[in-house]
There are 4 protein chains.
Amino acid sequence: MTRIGIIGGSGFAGGSLIQLLCFHPDIELTFISSRKWVGKFIHTQIPILRGISKLKFELPKIENIAEKCDLVFTAVPHKTAQEIVPNLVDHGLKVIDLSADFRLRKIEPYNEYYGEHSHPEMLKEAVYGMPELHRDEIKNAKLVAVPGCQAASAIYALAPLIKNNMIDPLKIIVDSKTGSSGSGAIATESSHHPIRANSIRPYKLTGHRHTAEIEQELGNLANGTDVKIGFSAHAVNLTRGILGTAYTFPLNDKMPEERDIIKAYRTFYRGEKFVRFMRLATGVFRLPDPKLIAGSNYADVSFEIDTHINRIVSLCALDNLIKGTAGNAIQSMNIMLGLKEETALEFPGLYPY
Amino acid sequence: MTRIGIIGGSGFAGGSLIQLLCFHPDIELTFISSRKWVGKFIHTQIPILRGISKLKFELPKIENIAEKCDLVFTAVPHKTAQEIVPNLVDHGLKVIDLSADFRLRKIEPYNEYYGEHSHPEMLKEAVYGMPELHRDEIKNAKLVAVPGCQAASAIYALAPLIKNNMIDPLKIIVDSKTGSSGSGAIATESSHHPIRANSIRPYKLTGHRHTAEIEQELGNLANGTDVKIGFSAHAVNLTRGILGTAYTFPLNDKMPEERDIIKAYRTFYRGEKFVRFMRLATGVFRLPDPKLIAGSNYADVSFEIDTHINRIVSLCALDNLIKGTAGNAIQSMNIMLGLKEETALEFPGLYPY
Amino acid sequence: MTRIGIIGGSGFAGGSLIQLLCFHPDIELTFISSRKWVGKFIHTQIPILRGISKLKFELPKIENIAEKCDLVFTAVPHKTAQEIVPNLVDHGLKVIDLSADFRLRKIEPYNEYYGEHSHPEMLKEAVYGMPELHRDEIKNAKLVAVPGCQAASAIYALAPLIKNNMIDPLKIIVDSKTGSSGSGAIATESSHHPIRANSIRPYKLTGHRHTAEIEQELGNLANGTDVKIGFSAHAVNLTRGILGTAYTFPLNDKMPEERDIIKAYRTFYRGEKFVRFMRLATGVFRLPDPKLIAGSNYADVSFEIDTHINRIVSLCALDNLIKGTAGNAIQSMNIMLGLKEETALEFPGLYPY
Amino acid sequence: MTRIGIIGGSGFAGGSLIQLLCFHPDIELTFISSRKWVGKFIHTQIPILRGISKLKFELPKIENIAEKCDLVFTAVPHKTAQEIVPNLVDHGLKVIDLSADFRLRKIEPYNEYYGEHSHPEMLKEAVYGMPELHRDEIKNAKLVAVPGCQAASAIYALAPLIKNNMIDPLKIIVDSKTGSSGSGAIATESSHHPIRANSIRPYKLTGHRHTAEIEQELGNLANGTDVKIGFSAHAVNLTRGILGTAYTFPLNDKMPEERDIIKAYRTFYRGEKFVRFMRLATGVFRLPDPKLIAGSNYADVSFEIDTHINRIVSLCALDNLIKGTAGNAIQSMNIMLGLKEETALEFPGLYPY
């Protein structure tokens, strides 16, 4: 069995990896680090694992990790990741990084959105860990960079439209709505319950960092055409979940036939277990809703044509911590290890939630 | 003291009127109808009024109403309103209608969005009850039609931009996020708590009925230029409140100076107590958030320029039942009666909420 | 593979069974009935199963069921259950009933709380489906009656204390706090989202129906001593989850040693995977909280001694739809079928939730 | 106009005072201190006051305060209060303190629950600021100590029963359920939104500090009889509001007639505008629910008799920040200043909330 380590087990991303990997039958979780909680049982910090795991948090010593693991997830903040990952790779470990540090192939947008990078040379060899877009590269990757949660939602909503040249690539609006776990496990004034509850808070209407990776990935799908996203993020009254609503205009003002758009989505996501195109859904939940995928690795997508102002509205709902983080990470791991891709990821969510 | 009646006291709109008018020092609430609850004390249905009012629900008999009231609010569904309102007006009563039946000046959009109208001749004489846009007409109106809640939010966000020819009037996107009280007091499958809670549910991405009145009012501000709105509504995890996020593109792709946009908002809302332009706000709540206006008659507006794709993001948060319904209705009443405009409307909300 | 049927798939209890059984590797789900939704795919009503199951709802015809199933869950209202279950048993089917109709061994309390019973003779042969209390009887049962959700919470909190004669059996208070899914899938005025949200609503302070089964089961544990419960239910602002807080007084006013109470809990739940005694928990979540078991089959229990007024406070948190309904039902099924008891029940919940 | 100061404007208690006093027609708010926010406009921290007040936070210099104010509210933590209040009193200021420092008349329970007190001599002259119990003393008080929020809820629920010798004073259980604003404005790990949301968290099952003041006040009502409370606090999924459910046993096991209990409540709260005895309420909201008093100064009380185990369940719902803190404080101020007692306190809450 492949031996798996997690560096950075104290955040929600690391915690979500742990929750899922504890139930993965084909790997062995051999190492979890947390400087903050070193020596403590993991269930003291992830209380749902009480009675389920006897693992303890350890210090992230490279020799230990290299000795105990074959593949390592790094769930540390950006900037920190770029200091750790190269060393792990040098030790021959496969690495799946959940930070923003290796998502971009070019250094310029990294510099623009995040500042300087200490290992720009590694950007080229990293693979963007979105199985639906990069399955073949992930298979042989040494370093996978897991997509940002809100970026993932936007990309899933838009990919079939961009891929089929159906929309103006320079006039794309994404109105993103995200739950509170997306901003991490560390308490801040803005996450204080009485302040955060009942809030629909626009918090990053312009200049959101995920813009760069959305543009990169959609640009690739558009054969290198320039793609520009106007991304606006809202913190909504949820713990988990993202809904991305994308507003686009048909290329050259020529609205595609609805059946062609349907075909575009069907074709793009054919065989993809975890992306569900909700075309024939009816009733209250006929469109993607984060409520329906909370806790699961599913991303639900759909679209509507609006002839009134000649626009296409497309949507994606996903769980920021699963399909938006730990789920795509583990799906990538399964691909890298030649395992059945859906292993440990089949939980469908809870209804009602 | 002017004697006020409310027809349709069993919905949330009627209920909100009652809550506010019970504390209005300059009017007398003399009549409240509800076919469903006739004979019951109002506090049996609006339990926060226990110990505060001894009024009872009555049957809506026109003679009674004409005798007991000088001004009447009609808080009944559209279609029903058009059957009742003309009769009230004929009896010499001033009427403030909270339905959609008299909001539009032209019959065509009414027909398109709502179907046939039994009294199209009255559309001309009704006044759109948004004090900031129609104060002078409201003063002398016999029939005021209170704006739709989501329409109000969109109009407040966009009015200064349209008025100053700053944006392309044919390419306006509104992403509207609304709480559960917006769909009324009657329980349905989709409003069942386990189904509705934790939901961010897109429910009317295209063809929303409020589109027509937004286009009418913004069109007026644009001196009759055609305005087209792509309006998309989401039901979010709140009881009260709306956040409208509007995405617009500068007219002729020429972004105005930021200071000119600021000036546009400042000028447009100068002297308007209840619309707050949040320009210098800082901290967690630097932008409009429904949390901050819940229960109050305030609408908070702001904007950001995004040079990345040359767009303007503008916003408005308001309480769908107050500034979005009963608050604008009472503000209009105060204007019609020559009272101080803010009477009974000064409650600032609750912090934290 | 044992063939399993579900009668009454349209409620939340039936729906939770379906969600769990779709992932049970050792049984085959061959039949699901719903008069309301007959002919529809189950994912049209349980939307999280989109892409996961191709089953359709059928009419509950007894011949069909007898032919297609070896074991049947009945998830219909009480009174209805007693009309269906005997027929199923007569056809040689094993039955697990989720209603209240077969939980009580004596007819008198049934009559008192629920009214008349059409098949009182079957009360004797039914087994109360709480594995921790009746595992051996469940093994060979033909008819298992799944405990009520709030009853289960109270019993788990109190059983070790009663079993060890530590508390006054006639002066037991249970303050139960339950989420909105506990009152079922049918929308009512009281479950309307704007009415139900933000509510901490005492709804059944006295005379709650679950009283009878709690007293029966605790009475058995007390070797037939009379047990009296003062049960008071509150509807709290959750979708899923129950917290039962039990207040008891030491027998003969003699407080047991803390270590003896600890031992009582440890002994009682030794080897029980799904009941966790949280003795050494620390931090924010040192005591049972429904947040920590939502979606899982775990029940978390703990206690505190209060010498100030010489009382013992004991607690149990569980998910009303899983350990409180479908989880105990499936755990019972696994026992009846000789399967590994935890099969399909290992999901640990979500953190954060 | 009496000039009012607030020391400690940065917490939720101080903030609630500010919100209410901004609308008090008969006083002038002349001074608000906050070391943390000194120099800032109050609306930068209490964002609902944007456009409503131009006041700024100042440093709490005693000379300034003495010069600018006639009456001061101290809304600082306990221990801090006892250092400040004596000095204010010495300067001739009337003081209303919102901390726990002057609520107890005896030093022993203070020492037990809070530790040492630097000015025990002042305990005697302070008045417990619950108008319904101490109106006459408040009238002439120099120092009023506002009740703790959960204590207030318990006292309102129990006072008529204790006063009329109806219950065993040594066997009183209070199950208290409180919203997140009760633990203050400072962000902590346990108040982090993803951790706190969806929680029904028992956090202080025994040894809660409010026990002492409940016992003191109920003891007074019982003519000095010893009263013992078993108080257990739960943090529930609300921002504002408390529900106290009290479980009591009739004195000498002799259940009073229901009509006598009704009379006890009616008599005790006769003429009290802000305590509503919900005897004839019907429908969904027939019992006290924090949802119905959020934002208001009302406390709703009721009771039920349970003959099954011979107990009385009594309840009180109130808003922890209003009737539980700032509302009682201002009601006390109105009494001290000879103003109409309900001034600035009439807001009835929001329905729906």
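Numbers below:
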read-out	value
GNM flexibility winner over chain B from B:I214, B:I48, B:I65 (Cα, springs under 10 Å)	B:I48
Choice from D:A197, D:A145, D:A264 with maximal GNM fluctuation in chain D (Cα, 10 Å cutoff)	D:A197
The stretch D:1-103 - charge dipole about Cα centre, Lys and Arg +1 at Cβ, Asp and Glu -1, debye rounded to 20	460 debye
Rounded Å value of the spacing that divides the Cα centres of the stretch B:133-199 and the stretch B:227-300	12 Å
Sequence of A:Y298, A:Y247, C:Y265 once ranked by neighbouring C-beta atoms within 10 Å, starting from the fewest	C:Y265, A:Y247, A:Y298
In the stretch B:98-130, the trypsin sites (Lys or Arg not before Pro) that fall in loop regions by DSSP, at most 16 other Cβ within 10 Å	B:K106, B:K124
Label 7 Å beyond Cα on the Cβ vector: A:K273 copy-to-copy distances, nm	2.1, 6.2, 6.6
Lysines whose Cα lies under 21 Å from that of A:K124, excluding same-chain neighbours fewer than 8 positions away	A:K79, A:K94, A:K106, A:K139, A:K142
Which of B:M255, A:M166, D:M1, D:M333 has the fewest Cβ neighbours within 10 Å, and the rest in rising order	D:M1, B:M255, A:M166, D:M333
Positive dipole terminus of chain C, leading residue within C:H78, C:H43, C:A13 (C-beta point charges)	C:H43
Projected area averaged over orientations for chain A, convex hull of C-alpha atoms, nm²	17.5 nm²
5 angstrom amide H check on D:A299, placed H, neighbours 5+ away	D:V275, D:R276
Environment charge of A:V275, counting only residues whose C-beta is closer than 9 Å and scoring Lys/Arg +1, Asp/Glu -1	0
Using a Förster distance of 35 Å, the FRET efficiency for D:E63-D:S118 (Cβ separation, nearest 0.05)	0.95
Qualifying trypsin sites (Lys or Arg not before Pro) for the stretch B:234-267 [loop in DSSP, other Cβ within 10 Å: at most 12]	B:K254
Among A:N140, A:P169, A:N198 - extreme Cα towards positive end, dipole of the stretch A:138-290, charges at beta-carbon	A:N140
Under-5 Å amide H pairs with A:L143, H placed in peptide plane, nonlocal only	A:V95, A:V127
Residue-averaged beta-carbon neighbours from other chains (10 angstrom radius) around B:293-303	3
Cβ-vector label at 7 Å, D:P120, separations to other copies in nm	6.7, 7.1, 8.7
DSSP-loop GluC sites (Glu not before Pro) across the stretch A:251-314, with at most 12 other Cβ within 10 angstrom	A:E257
Gap separating the Cα centres of the stretch A:13-31 and the stretch C:22-76, nearest whole Å	33 Å
Selection from C:Y114, C:L98, C:S53, by position along the positive dipole direction of the stretch C:1-114 (Cβ)	C:S53
For C:K79, inter-copy label distances in nm, listed shortest first [label point 7 Å out on the Cα-Cβ vector]	3.4, 6.0, 6.6
Mean ellipticity per residue at 222 nm, deg cm²/dmol - from DSSP H runs of n ≥ 4 across chain A, formula -39500 (n - 2.57)	-8000 deg cm²/dmol
Point-charge dipole on Cβ atoms (K/R +1, D/E -1) for chain B, about Cα centre, debye to 20	820 debye
Per-residue average of Cβ from other chains inside 10 Å of C:238-246	5
Estimated vicinal HN-Hα couplings, Hz - the stretch C:93-104 in sequence order (Karplus 6.51, -1.76, 1.60; Gly, Pro = x)	7, 6, 10, 10, 9, 9, 7, 8, 5, 10, 7, 9
Translational D in µm²/s for the stretch D:231-353 (Stokes-Einstein at 37 °C, 0.692 mPa s, Kirkwood Rh from C-alpha pairs)	209 µm²/s
Sorted by Cβ density within 10 Å, fewest first, the residues C:F274, C:F231	C:F274, C:F231
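A short reminder: the numbers here are calculations on the coordinates, not readings from a lab. Treat the numbers as computed from the prediction; the structure is a model and nothing was measured. No Cβ is skipped: glycine too gets one built from the backbone with ideal geometry, and neighbour counts run over all protein chains shown.
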